[in-house]
Amino acid sequence: MDHLLEPRNMRTLRRAPATLSALLLALLPAHPLSAQSNPFDTEVRRLSQHPEVRRALDAIEARDDLTMADLRELTQIPAPSFQEEARGRRFLEKLRELGVDSAWVDTEGNVIGLRRGTGGGGRVAIAGHLDTVFPEGTDVMIRQHGDTLYAPGIGDDTRGLAAVLALLRAINAAGLRTESDILFIGNVGEEGLGDLRGVKHLFSPQGPDIDAFISIDGTGHEGITHQGLGSHRYRVTVRGPGGHSWGAFGLANPAHALGRSILFFQQAADTLTRSGPRTSYNVGMLGGGTSVNSVPFEAWAEVDMRSESPASLDRVDAALHAAVERAVREENALRRRGEPLTAEVAMIGDRPSGELPVETPIVARAVAVSQLLGIEPRLGRSSTDANIPIARGIPAITIGGGGAAGNAHSLNEWFLNDRGALGVQRALLILLAQAGVPPVS
């Protein structure tokens, strides 16, 4: 999430009784930029003065009530990971209502709208994810207190979906043509065990050709994620015959072996993560057994590990496998009867690491746009849909969709439309800078 106190110069802009496009015109320098400036500063300043771009910027502000209506409607359509169909259908209808050259749902469930360019560029994708972390049956109806809206998933990432629609609405309202084709996407499977499956499909041989990717995830207008935080996730399952805690005493116990596994894993992983690239590990879920007086036939745990470095991640990964193997071997050595235990370490999540240098054009353009708007950008690392293209060397970033939010992934998640239009306007300029706008003839 991306809500911080606004910079002082943005407070000045906020008080001024003028449209953003008029303010941008007033902020144009009277002299050329120095050689030390971001090489894309001049490009984005010229872009911001393009008449159709200025109309699109104004349209975002003038039609902010429609963006909020989209946010309200889509938030209240449940969309757990792997169950995004209902929300996806409505998102598809909205793309078609706003106007695209074609729209479809791919075999993974991603909803895609194509707006063709003039043919002078490649193809840029702008996406928000359809899914939320909340299970089926969660009450997703919005509750309003004052000017704050409360609902699970309203910020992460229904705001992203509403921002994608707002961009399409503004571009169409201004009659803008871009050099590149633009794909407006609502993708599936970003959260949890969804494991970025939607974007993995988009960048598979079965997906559309994409030359640059912008993910809108969450809120705010300052963050620029250009580094992907890699992660491995495993479900460790230890199995045995199971039986009565008294009558079958002496059987090898899966729960005991699992406990040993966790201890051995922590001992090794603690050493590995004390130095070097930032790396984490966590046992987040445990389960198994049928009753307190039964030797379980199964015990399981789900494990998350993350690192800035693929090599460090691999070392912690190897430590988990070694810990489970050792624990099961030692528990089997203690058994007095019955069959030995077996263990399965199944990968349930694999998100690659990667990063783009700040000099990469898509990153530098996002910085230039932010600074043009008086925003001090925050560059950083996270685990988002952009991980996949970043790891493959494809230009990609993740940004916020405007406004403020909090309590993400909780039932009390909230959204406040504080400068929400500014976040969408920033996204528009970043998108257009990457897609290219033909000069005024």
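Every number here is computed from the coordinates shown, using simple stated rules; none is lab data. Note that this is a predicted model, so its numbers are computed, not measured. Glycine gets a Cβ as well: all are built from the backbone with ideal geometry, and neighbour counts include every protein chain shown.
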>> Using the Cα centre of the chain as origin and beta-carbon charges of +1 (Lys, Arg) and -1 (Asp, Glu), tell me which of V133, P205, N387 is placed farthest towards the positive end of the dipole.
In response: N387
> So how much slack lies between N332 and E376, counting 0.36 nm per residue of separation and subtracting their Cα-Cα distance, in nm?
Replying inline: 10.0 nm
> Length gain on complete extension for the stretch E93 to E359, per 0.36 nm per residue less the alpha carbon to alpha carbon distance?
Replying inline: 91.9 nm
>> What distance in nm separates the two pseudo spin-label positions at H145 and D314, each 7 Å out from Cα along the beta-carbon direction?
In response: 5.0 nm
> To the nearest 0.05, how large is the calculated FRET efficiency for Q267 and E136 if R₀ is 41 Å and r is the Cβ-Cβ distance?
Replying inline: 0.60
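How much FRET efficiency would the formula 1/(1 + (r/R0)^6) give for R177 and A322, where r is the Cβ-Cβ distance and R0 is 56 Å, rounded to 0.05?
FRET efficiency, R177 to A322: 0.45.
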> What does the highest-first list of 77-88, 270-281, 379-390 look like by mean Cβ count within 10 Å?
Replying inline: 379-390, 77-88, 270-281
> Using the alpha-carbon centroid of each, what span in Å lies between region 60-109 and region 338-392?
Replying inline: 24 Å
> If r is the Cβ-Cβ distance from S441 to S294 and R0 is 56 Å, what FRET efficiency results, to the nearest 0.05?
Replying inline: 0.10
> If you stretched the chain out fully between E344 and T42, how much longer would it get, using 0.36 nm times the residue separation minus the C-alpha to C-alpha distance?
Replying inline: 103.1 nm
> Mind checking which helices in the chain clear 30 Å along their axis (Cα) and have mean Kyte-Doolittle hydropathy of -0.5 or more, DSSP H runs only?
Replying inline: 310-334
> According to the Cα gyration tensor, what semi-axes, each the square root of 5 times an eigenvalue, does the equivalent ellipsoid of the chain have, listed from largest to smallest in whole Å?
Replying inline: 47, 23, 19
> Could the peptides 345-356, 420-431, 360-371, 209-220 be put in order, highest first, of the mean number of other beta-carbon atoms found within 10 Å of their residues?
Replying inline: 420-431, 209-220, 360-371, 345-356
